[in-house]
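What follows is a single structure, written as structure tokens, with notes after it.
The values are calculated or read from the model by the stated rules, or taken from the named source; none is laboratory data. The structure displayed is predicted, hence computed values, not measured ones. For accessibility, only protein heavy atoms count, side chains too; no ligands or nucleic acids. Shrake-Rupley method; radii C 1.70, N 1.55, O 1.52, S 1.80 Å.
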Amino acid sequence: MIQKKVTDFFALEGNYPDLDGEGAAARLSAAIRCKTINYFDHSRTDYTEFDKLHAHIKASYPNIMRVGTFERIGHHAVLITIPGSDASLRPCLYMSHQDVVPVVEGTEQDWTHPAFSGDIADGYIWGRGTLDIKEQVFGVLEAAEYLLARGKSFARTAYLAFGDDEETINLGALAIAEHLKAQGVTLEFVLDEGGCKIEPGTAFGAPETSIVSVQLMEKGYADLELSVHSIGGHSSRPYGGTSLGRLSGAIADITRAPFAVRLNSAMTGAFETLAPYITQEPLKTLVQDVAGNADAIAACCMGSPDLFPFVATTIAPTMIRGGSAACNVMPQDMQAVINFRLADGDTAESVMEHCRAAVQDPTVELRYQQANDPSAIARRDGYGYRTVVESFQRYYPEAVFIPSMAVGATDAHRYEEICDTCLRCSPFMTEPAEAASGVHGTNERLLVRSYLQGIRVLIDLMEHANVEPGISFLFNEKAGAAQAAPAFLSCSVLAHRVDHIPEAQVKKAAIFEDLAEPLRLLFVDHFGERVDPVDQGLIRLPVLLGNVAREPRAVVLIVQGAWAALHHLPGNIRIAPRAVQKRHEPRQHIPRLRLAEHVMAVGAVVDVRARIGDLLLRDAEALHVRKMRAERLVDRVRHLPAQKADLLKIVSLLDDCRKDLHIILEV
């Protein structure tokens, strides 16, 4: 298989044509010139460089500064709050970190462009922080500024959170999280750095598939120090062994006592998602039942240099100190450090117990220099994961996004107490080889095209999550165009999304006033019963939500111009947004529908009249239709016309077809 270039995966680069790409690159370049290196010993950190970066942010993003609030939290961490108009919506948090690692001493001359030059040359932005990870700091700022500058207002509050010491001790992110927690804030989702590569799924047995990892958790971290004591002496009298020998034995004891191998829920999700694409044995067979074959799949992972860190706690001896300066002199006190990356299921306490049990020499002392447990595993069945992946998928449609985990550490785990969906996935895609050599390495650089594409993803995400939460498209009144998503979202995703739509957003959908009447005729009058006339805006584009009587959740939606989805809806539903139901009591004014046992979706496209015969809900010959999945209707909505006039034609066609919908009314 010939691996494609990362730019071959880009789609919709023509979106947001007024995005100031040259200016965005220049602003990131200026940020790179701020040498925001943070050291473990903070007395070595030059915080004037952070002050320069903060001044640059304030000067570069006037609309964010006008609408939002800029706070310095802790030492030099930054929290920007862009308030939303709907307090019922949980905020989301877009995060990254300002600090960078230093350049390895003696390698300065190896850089094609100086490490803190921020040079823009050969299609790249060069310098420390272009991959890790000022591009995400400034990409988030660019996206928010773009929307605010064009008059968009946020319904859902957005926090932009930028730590100042992620590369060292994560205190900046901790301070922000504690600040929000003290205010009683809980978050819908967190988006942090992670992934950033589109790579072949070869390690997973899917070499023909390109994958992107959405990291749901990060492994724990521990530096275990081993110490031995000795009086030393002449090497001709090594009675009882030397301190070096005893220390080496303890290291060997630990490395020869591996930890349990497990397939956690994040990696279970990865294999479940990739199952249709896996072509190589034995995984091809094993993933037909991932849960049942979890142990065997985990064993396969242990045999892979790419996958083994995902299924077990790793053991890496990294340092040894105190050896003798002469060959014939026994060393005295010596220390070694073993680094552990803790898998889900292990803790700092359990790792210490494991090591104490493994070491045979009771005189060896063990203590942690630092240690933290693995993070929680983020939800992937909720609004946050779905909304983030949908936006990414629109701009990288040929990649398969899989749940995964980070083997390194990020700031995201600091927000676990106020968020159950902490995701790690950067939209700024980089060639795998570039990421491997550039992150913390020499010649760190980012393609300008990658930077701009990542900004588009973030604009799209903020549009869907913050500006119009829960609505699957935006209406540009000036242009008179409905910007429909290029791919249809599954009914289950939409059900969750619609469940979060507040009353204010239902009202806002009335910009399609001229579409409301045909839709009302289609879904209410057809059934011989009217809804309380107090609210003639009851049925609005794009949302028609049923109050669900039982599981699986039943939902009636109108999306992407005019598309009525009625998919596998056994049970009773009420045709009305929940917000409207709350205002209209008693509820007997709202009709109830008993839907056929396996009702299928009705697609509204230009040729709907010709195709409606295939969708008669009571047609005995339409069994194949009933077995279709909602995703099969993707093609019917991919090419929805953008012009409002065409949407009206579609609604007219729907109205003509309503007579063919055999839905049984049950009061």
**Complete:** Under the Karplus relation with 6.51, -1.76 and 1.60 and θ = phi - 60°, whole-Hz ³J(HN,Hα) for region 454-466, x at Gly and Pro, equal x, 5, 4, 4, 5, 4, 4, 5, 5, 4, 7, 8, 10
**Request:** Could you provide, to the nearest whole Å², the per residue accessible area of region 115-262 with probe 1.4 Å?
**Result:** 33
**Message:** Set the bar at 25 Å for Cα to Cα. Now go through Lys5/Lys35; Lys181/Lys219; Lys134/Lys197 and name every pair that lies beyond it.
**Reply:** Lys5/Lys35
**Asked** Using θ = phi - 60° and the Karplus curve 6.51 cos²θ - 1.76 cosθ + 1.60, what whole-Hz ³J(HN,Hα) does each residue of region 410-423 get, with Gly and Pro shown as x?
**Response** 9, 6, 4, 5, 5, 9, 4, 6, 10, 8, 9, 9, 9, 10
**Range of Cα positions in region 113-222 per principal axis (Å), largest first** = 46, 36, 34
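With a 1.4 Å probe and all protein chains in place, put Lys5, Lys197 in order of accessible area, largest first.
Lys5, Lys197
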**Prompt:** Can you list residues whose amide H is under 5 Å from Leu342's amide H, if they're 5+ apart or on another chain and H is modeled 1.01 Å from N?
**Reply:** Gly220, Tyr221, Ala222
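Kirkwood Rh over Cα pairs of region 358-471 into Stokes-Einstein at 10 °C, 1.306 mPa s: D in µm²/s?
92
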**Alpha carbon convex hull of region 183-333, projected area averaged over orientations, nm²** = 15.1
**Message:** List the residues, sorted by chain then number, that are 5 or more residues from Glu199 or on another chain and whose placed amide H is less than 5 Å from its amide H.
**Reply:** Ile211
**Item:** Per-residue HN-Hα couplings for region 84-101 [Karplus 6.51, -1.76, 1.60; θ = phi - 60°; Hz; x = Gly/Pro]
**Value:** x, 7, 10, 5, 6, 8, 5, x, 10, 10, 9, 9, 5, 9, 7, 7, 10, 8
**Request:** Please state, rounded to one decimal and in Å, the Kirkwood hydrodynamic radius that region 328-409 gives when every pair of distinct Cα atoms enters the mean of 1/r.
**Result:** 17.1
